[in-house]
1. So if each residue of separation counts as 0.36 nm, and I subtract the Cα-Cα distance between S33 and E46, what length gain in nm does that give?
2. Mind checking the per residue accessible area of the chain for me, 1.4 Å probe, whole number of Å²?
3. If you average the sequence gap of Cα pairs under 8 Å that are 6 or more apart and divide by the length of the range 4-77, what percent do you get for the contact order?
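The values are calculated or read from the model by the stated rules, or taken from the named source; none is laboratory data. On a predicted model such as this, the values are computed, not experimentally measured, just so you know. Surface areas here come from the heavy atoms of the whole protein model, side chains and all, with no ligands, DNA or RNA. Shrake-Rupley method; radii C 1.70, N 1.55, O 1.52, S 1.80 Å.
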Amino acid sequence: MPINVTLDVLLARRKVRAKDLAAQVGISETQMSLLRTGKVKGLRFETLSKICFLLECQPADIIEYLPDEGDLNAKEE
């Protein structure tokens, strides 16, 4: 998948612990871990909004798109 999650980098730059951010956002530490490692298939806009507010950033600071022509031929799961 051409979506790369860069939340770990932002947390390190901001010196924020993932555990603390998870508590403030209202998600489990497990969900935060999965999000940080990019092992999720989706992300609610509400969750993304809270993360951006708390880290004072934009969504593009957390996720990036890597172009892949194969996406045009991929079937929805």
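1. 2.9 nm
2. Value returned for the chain: 78 Å² of accessible area per residue.
3. 44
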